[in-house]
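Student: Following this message is one structure expressed as structure tokens.
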């Protein structure tokens, strides 16, 4: 059985199909934007938010439309997300290729390949991201036939110290991807974060769940939209059927 498992493990390049093709679907032009509705909870409270970058008043773009329960932690997460320059940037993991590096380990599980990688710092990473990446192992699940990524996961194989007199016992971040039918882009449809440990002598446990319930992708540049659809139709046949009909 050990020999069989070894025979099913191999190295794969992030620049070659099927993984390279799947990663290209997480790398649309910056002019691709998203209006979306998301539900987020920490087990104690619930928040539903709608975001639309097309609204002229920047203060009205991030709109809290439903609240249930009380949670300062959840409110802080919602506020920090909404204060970002482009909150919709969270829905497309466009730095995944850079985070994976050039060559990664893969295991054939039948209909899915499991890709394992050590997080590589990317241009989007801040100091905390770089530090956290040193303690996490990344996994992504790939459908080799459709050349689609379906899930990405980061886990801490062992506990580690954190700045400010803290310690993380366990950490898991997971997000689910789906393909947008119009543009063929892989977008995050749900994510979850589970953290347990202690900070400054107090026990700490966080469990966040988020689900995107509405999504409207659009290009802020019609020229870039036309170029993108043309390239997708030319190089990724069968994925962007809309290009042939326009």
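The values are calculated or read from the model by the stated rules, or taken from the named source; none is laboratory data. Model, not experiment: these values are computed from the prediction. Note: ideal-geometry Cβ built from the backbone for every residue, glycine included; neighbour counts use all protein chains shown.
Student: Can you list the strands (runs of 3 or more DSSP E) lying wholly within the stretch 130-169 that have 1 or more residues being exposed (fewer than 14 other Cβ atoms within 10 Å of the Cβ) and either at pLDDT below 90 or under 17 Å from the mean Cα position of the chain (by Cα) (or both)?
Tutor: On the way: elements: 137-143, 148-155, 160-162.
Qualifying strands (runs of 3 or more DSSP E): 160-162.
Student: I'm trying to understand the selection: among the residues of the stretch 64-80, which are surrounded by fewer than 17 Cβ atoms within 10 Å (Cβ to Cβ) and within 29 Å of residue 25 (Cβ to Cβ)? It would help to see each step written out before you state the result.
Tutor: Let us first name the residues in the stretch 64-80 that are surrounded by fewer than 17 Cβ atoms within 10 Å (Cβ to Cβ), namely 64-70, 72-73, 75-76, 79-80.
If the condition is that a residue be surrounded by fewer than 17 Cβ atoms within 10 Å (Cβ to Cβ) and within 29 Å of residue 25 (Cβ to Cβ), then 80 is the only one that fits.
Student: Hey, does the stretch 108-126 have a residue that's over 30 Å from residue 143 (Cα atoms) and modelled with pLDDT under 95?
Tutor: Initial filter on the stretch 108-126 (over 30 Å from residue 143 (Cα atoms)): 126.
Keeping just the survivors that are modelled with pLDDT under 95 gives 126.
Yes - at least one qualifying residue is present in the stretch 108-126.
Student: Output the residues belonging to the stretch 47-62 that are within 24 Å of the chain's Cα centre (by Cα) and within 17 Å of residue 33 (Cα to Cα). Give the derivation first.
Tutor: Within the stretch 47-62, the first condition is being within 24 Å of the chain's Cα centre (by Cα), and the residues that meet it are 47-54, 61-62.
Within the stretch 47-62, 49, 50, 51, 52, 53, 54, 61, 62 qualify.
Student: Exactly one of these conditions fails for residue 28: (1) outside any helix (DSSP H, G or I); (2) in contact with a strand residue (DSSP E or B) (Cβ under 6 Å, 6 or more places away or on another chain); (3) buried (at least 18 other Cβ atoms within 10 Å of the Cβ). Give me its number.
Tutor: (2)
Student: Among what's in the stretch 204-246 and is surrounded by fewer than 15 Cβ atoms within 10 Å (Cβ to Cβ), over 19 Å from residue 29 (Cα atoms) and modelled with pLDDT of 90 or more, pick the residue that is farthest from the chain's Cα centre (by Cα).
Tutor: Restricting to residues being surrounded by fewer than 15 Cβ atoms within 10 Å (Cβ to Cβ), over 19 Å from residue 29 (Cα atoms) and modelled with pLDDT of 90 or more, the top hit is 205.
Student: Something else: Within the stretch 81-94, restricting attention to residues that are over 14 Å from residue 21 (Cα atoms) and within 9 Å of the chain's Cα centre (by Cα), which residue is surrounded by the fewest Cβ atoms within 10 Å (Cβ to Cβ)? Walk me through it before giving the result.
Tutor: First, the residues of the stretch 81-94 that are over 14 Å from residue 21 (Cα atoms): 81-93.
So of that shortlist, the ones also within 9 Å of the chain's Cα centre (by Cα) come out as 90-93.
Values: 90: 18, 91: 25, 92: 22, 93: 21.
Filtering first and then ranking leaves 90.
Student: I've got another one for you. Output the residues belonging to the stretch 49-75 that are touching a residue at least 40 places away in the same chain (Cβ under 8 Å) and in a strand (DSSP E or B).
Tutor: 50
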